[in-house]
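See structure below.
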Amino acid sequence: MTTGNSRADARTTVGTSRADANRRRILDVALAELLRDPDASMDQIARAAGVVRRTVYGHFPSREALISTLVDEAVAALAQADAGAREEITDPARAVARSVLAIWEIADRYRLLVALAQRTVTVQGIRERLAPLRETKVRLLQHGLDEGVFSSPLPAPALAYVHEQMLFAVMEAVNDGLVTAEEAGRSATVTVLTAAGVPASAAAALVAEVSEEPGGRAGGASGKPGG
């Protein structure tokens, strides 16, 4: 009986691992396909992933659910990048600079997805997903305001919204060809710092310095997965 149970458990484990691998492949391929063609259908994604359409729908009941999952993964990647960039950094301005540069690299990779998600995931839904990251930013901005490093007529929670919308606007500007992805990262970071009251020259100098540090980001990614 024990042997039979062990074999059943092993089959279950193998089946689960295969399902997880299929799900991961579908997500990776879906991201690539949607960045290449924002109108890519579930059929296209299934063909590109090398699975049948039923398999895709077995993991994601709709195209909207698939995109929503990709957005969740993007937000998780943003939060991880933010936390890693700020680790052991005590100066608020430097922490913001490192955070925005790191976030931009992830955001640039997903920027076309974000534009697509706004068609299928409500703006409110995106804002709710970003709430934990925004709360972290509020604490950082408040620290900077308390220390006199930042200066703004806006309270920290409102300033965090301003910074968030600035990054969305820069992503749209890149999508519309108004600024290159390569220059957008640094430019967005300088803009965020100046919005927090840091003089433009000081903000530009800090961003240039931080970009050369280990873990710093010098510009944008390619806009493609793994770019």
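What to note about this one:
- Label separation (ARG139 vs ARG53): 4.8 nm, computed from points 7 Å beyond Cα along the C-beta direction.
- Solvent-accessible area, 1.4 Å probe, carbon plus sulfur percent, for the chain: 53 percent
- Electrostatic dipole magnitude of the chain [Cβ: Lys, Arg +1; Asp, Glu -1; Cα centre; debye, to 20]: 1060 debye
- Seen from ALA48, the other residues with C-beta closer than 11 Å to its C-beta sum to a net charge of -1, counting Lys and Arg as +1 and Asp and Glu as -1.
- Fluctuation leader among ASP43, ASP20, ASP91 - the chain, Gaussian network, Cα springs under 10 angstrom: ASP20
- Built amide H within the under 5 Å cut-off of GLY197, gap 5+: SER151
- Look at (1) 27; (2) 20; (3) 40: the one that is percent of Cα pairs over 33 Å apart derived from this structure is (1).
- In the chain, the longest principal axis of the Cα atoms and the axis of helix 92-120 are about 50 degrees apart.
- A 1.4 Å probe run over the chain, with the rest of the protein chains in place, finds 51 Å² accessible per residue.
- Relative contact order [Cα under 8 Å, 6+ residues apart], the chain, whole percent: 23 percent
- Dipole of the chain, positive end: most advanced residue of THR194, VAL52, TYR110 [Cβ charges, Cα centre]: VAL52
- Ranked by the mean number of other Cβ atoms within 10 Å of their residues, highest first, the peptides 44-54, 187-197 come out as 187-197, 44-54.
- For region 38-53, backbone phi angles converted through the Karplus equation (6.51, -1.76, 1.60; θ = phi - 60°) give residue-by-residue couplings of x, 9, 4, 8, 5, 4, 4, 5, 4, 4, 5, 7, x, 10, 7, 4 Hz, Gly and Pro being listed as x.
- Working note: Karplus 6.51/-1.76/1.60 with θ = phi - 60° gives region 186-191 the couplings 5, 4, 5, 5, 4, 5 Hz, where Gly and Pro are set to x.
The values are calculated or read from the model by the stated rules, or taken from the named source; none is laboratory data. From a predicted model like this one, the values you see are computed outputs, not experimental measurements. In this analysis, Cβ positions are derived from the backbone assuming ideal geometry, glycine residues included, and neighbour counts consider all displayed protein chains. Protein only, heavy atoms only, side chains kept; ligands, DNA and RNA dropped before computing areas. Shrake-Rupley method; radii C 1.70, N 1.55, O 1.52, S 1.80 Å.
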